[in-house]
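Trainee: Here you go, one structure.
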Amino acid sequence: MHNLSQRANTALSLASTVLFSMLGLVAAISFFTGYGSPSSANVQVKNIKVVQSRYGPDYFDYGRKTSEFGVIKFDLDADLSDLFNWNTKQLFVSVVAEYETKTHNKNQVVIWDKIIRNKESAKISLRNVPNKYALIDFSQKWRKQQAKLSLHWDVTPWVGTFQMGSSNASTAVFTFPLVENQSGR
Amino acid sequence: MLEELRRLNGRQLALQVLNIIMVLSSAMMIWKGVALATNSESPVVVVLSGSMEPAFFRGDLLFLHNPVHEPIKAGDICVFQIAQRDIPIVHRVIKVHDEAKTGKQYLLTKGDNNNIDDRGLYNPRQMWINKEHIIGKARGHVPYVGIVTILMNDYPQLKYVILGVLGFFVLVNRE
């Protein structure tokens, strides 16, 4: 006997099996083939100074006027269009400052980010970009700390696993200077 | 349909009920098994807010895992739960400070679609979240599939309608 509910049941289960197999297949192909690497990705530090303030550029109140914020300007040249293939929904690109201190052996501070939604805007060439987020250490002091900048990207697919990568950071090493004399703050 | 239900004798009815219990318990076992394998109490979550648009929209399904020996890195998309809050949040990590002595991680998160970081969402005066707040790192996603959950959350009656209809069909459906 084939009544309506049995037919509907069969059709629905076939449809969902096909749909999920397709999604699984797409995810598997992208997982194994990957998204490649960008043809160029380069960050360069143009200017770095340290100021004392209660607020960084994102206006979170650190509560102490003596908190030390890095004020950085960097150049960014990257061609990320190779990361766009048939299963790329967007790229999340960020510039990360990385350093080691005595108390904290790994520190990563994202200072800038950008969402790239299509291949046409995946060529980035920016000059003297200021940091978008507060460049402040856990201790809120910089003490001539050495750090390096790198470009990180995270590929968000339409369906499947995320894949991350980053540029070589050894070319963008810098040292935080001592606090500049403050006036009018 | 009710006719059919009446035609079932006691033995058949018991079989049907056992079948339902079997289905429910295997679903439960699979869920808990995956939770063990991924070390995440909730290995699949549905995105409930638009704070990560355009990466994820409401109703997207995220697959998580939470490996013990792999620390969180900047850029990871994490699902975390603040103490004494019900609803977990899916956001991206923008600051990481690993304490050398203890290995404790101090993390700050932010939604891609939000203008500011999450300190306003944490408890008052809470500056960081730690590994114990993290339910898992998002490893992959499927769009839209979780929309049923969203609908059931928005219209709670729908949940009972769907459960009722499904239960009825399972009960009367023989062979």
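What follows is calculated from the coordinates using simple rules that are stated; it is not laboratory data. This one's a predicted model, so the numbers in the text were calculated from it and none came from an experiment. For neighbour counting, all protein chains shown are included, and Cβ atoms are generated from backbone atoms with ideal geometry for every residue, glycine included.
Trainee: In the range A:105-178, if the dipole is taken from +1 on Lys/Arg beta carbons and -1 on Asp/Glu beta carbons about the Cα centre, which of A:SER166, A:ILE115, A:SER150 is farthest to the positive end?
Mentor: Of A:SER166, A:ILE115, A:SER150, it is A:SER150.
Trainee: Follow-up question, since we're still on this one. Residues with beta-carbon under 11 Å from that of A:ASP77, excluding A:ASP77: net charge, scoring Lys, Arg +1 and Asp, Glu -1?
Mentor: Value of the local net charge: 0.
Trainee: Moving to a separate point now. Going by amide H atoms built from the backbone, whose H comes under 5 Å of the H on A:GLN163, apart from near neighbours?
Mentor: A:VAL155
Trainee: Oh, and also: Hey, how much of the P(r) for chain A falls beyond 27 Å, as a percent of Cα pairs?
Mentor: When all Cα pairs of chain A are counted, 45 percent exceed 27 Å.
Trainee: Hey, with R₀ at 51 Å, roughly what FRET efficiency would B:LEU158 and A:GLU180 work out to, going by the Cβ-Cβ distance, to 0.05? Walk me through the numbers on the way to the answer.
Mentor: Details: r = 61 Å, r/R0 = 1.19.
The pair B:LEU158/A:GLU180 has a calculated efficiency of 0.25.
Trainee: Between A:ARG117 and B:ILE30, how high is the FRET efficiency from 1/(1 + (r/R0)^6) when r is the Cβ-Cβ distance and R₀ = 41 Å? Nearest 0.05.
Mentor: In this case the efficiency is close to 0.70.
Trainee: What are the ³J(HN,Hα) couplings of the range B:99-115, residue after residue, when phi is run through the Karplus curve with 6.51, -1.76, 1.60 and θ = phi - 60°? Round to Hz, x for glycine and proline.
Mentor: Karplus values, whole Hz, x for Gly and Pro: 6, 5, 5, 9, x, 5, 9, 9, 10, 10, 10, 7, x, 4, 8, 8, 7.
Trainee: Related question: Report relative contact order for chain A in percent, whole number only (criteria: Cα-Cα under 8 Å, sequence separation at least 6).
Mentor: Once divided by the residue count of chain A, the mean separation gives 27 percent.
Trainee: Follow-up. With charges only on Cβ, +1 for K and R and -1 for D and E, what is the dipole size of chain A about its Cα centre, in debye, rounded to 20?
Mentor: 520 debye
Trainee: Positive end of the charge dipole of the range A:67-124 (Lys, Arg +1 and Asp, Glu -1 on Cβ, about the Cα centre): tell me which of A:THR103, A:GLY70, A:LEU80 has its Cα farthest that way.
Mentor: The residue sitting most towards the positive pole is A:LEU80.
Trainee: Quick one: Cα centre-to-centre distance for the range B:4-53 and the range A:1-44, in angstrom?
Mentor: Comparing the Cα centres of the range B:4-53 and the range A:1-44, I get a distance of 22 Å.
Trainee: Let me know the Kirkwood hydrodynamic radius for the range B:1-136, please, with Cα pairs as the basis and the value in Å to one decimal.
Mentor: About 17.6 Å for the range B:1-136.
Trainee: Work out the mean other chain Cβ neighbour count within 10 Å for the residues of A:155-162 and drop it here as an integer.
Mentor: Taking all residues of A:155-162 together, the mean is 5.
Trainee: OK, next. By how many degrees, 0 to 90 and rounded to 10, does the Cα axis of helix B:156-172 deviate from the longest principal axis of chain B?
Mentor: 40 degrees
Trainee: Please give the charge dipole size of chain B, origin at the Cα centre, charges +1 on K and R Cβ atoms and -1 on D and E Cβ atoms. Round to the nearest 20 debye.
Mentor: Magnitude of the dipole: close to 280 debye.
Trainee: State, as an integer percentage, the relative contact order of chain B based on alpha-carbon contacts under 8 Å between residues 6 or more apart.
Mentor: 25 percent
Trainee: Follow-up. Cross-chain or 8 or more residues apart, Cα under 27 Å: how many lysine pairs in the range A:37-100 fit that? Count them up, please.
Mentor: Lysine pairs satisfying the spacing and distance rule in the range A:37-100 number 5.
Trainee: Largest first and in whole Å, give the semi-axes of the range A:1-108's equivalent ellipsoid, each being the square root of 5 times a Cα gyration tensor eigenvalue.
Mentor: 51, 22, 13
Trainee: Quick check: pseudo-label points 7 Å beyond the Cα along Cα→Cβ at A:SER170 and B:SER49, how many nm apart are they?
Mentor: It is 4.2 nm.
Trainee: Would you mind checking the range B:137-175 for residues with the amide N under 17 Å from a putative spin-label position 7 Å along Cα→C-beta of B:GLN12?
Mentor: B:168-175
Trainee: Going by a ≥ b ≥ c, the root eigenvalues of the Cα gyration tensor, does the range B:1-74 fall in the rounded group (a/c under 1.5), the prolate group (a/b larger than b/c) or the oblate group?
Mentor: oblate
Trainee: Which order results if B:ILE21, B:ILE72, B:ILE116 are arranged by neighbouring Cβ count within 10 Å, fewest first?
Mentor: The fewest-first ordering by Cβ neighbours comes to B:ILE21, B:ILE116, B:ILE72.
Trainee: For the protein assembly as shown, just run the numbers: alpha carbon Rg, then divide by 2.2 N^0.38 Å, N being how many residues it has.
Mentor: 1.23
Trainee: Charges at C-beta only: +1 for Lys and Arg, -1 for Asp and Glu. How large is the resulting dipole of the protein assembly as shown about its Cα centre, in Debye rounded to 20?
Mentor: That gives the protein assembly as shown a dipole magnitude of about 680 debye.
Trainee: In chain B, what is the count of Lys pairs whose alpha carbons are under 14 Å apart, counting only pairs at least 8 residues apart or on separate chains?
Mentor: Eligible lysine pairs with Cα atoms under 14 Å apart amount to 9.
Trainee: For A:PHE60, which sequence-distant residues (separation of 5 or more, or a different chain) have an amide H within less than 5 Å of its own amide H, given hydrogens modelled in the peptide plane?
Mentor: none
Trainee: Shielding by partners for B:15-21, please: the mean number of other protein chain Cβ atoms within 10 Å of each residue's Cβ. Intermediate results must be reported in sequence, preceding the final value.
Mentor: Numbers: counts 0, 0, 0, 0, 0, 0, 0.
Other-chain Cβ atoms within 10 Å of each residue's Cβ, averaged: 0.
Trainee: Quick one: what are the phi-derived ³J(HN,Hα) couplings along the range A:5-15, Karplus 6.51/-1.76/1.60 with θ = phi - 60°, whole Hz, x for glycine and proline?
Mentor: Karplus-based 3J(HN,Hα) across the range A:5-15 equals 5, 5, 4, 4, 4, 4, 4, 5, 6, 5, 4 Hz.
Trainee: Can you work out ³J(HN,Hα) from phi for every residue in the range B:41-47, in order, using Karplus 6.51 cos²θ - 1.76 cosθ + 1.60 and θ = phi - 60°, giving whole Hz and x for Gly and Pro?
Mentor: 5, 9, x, 10, 10, 9, 6
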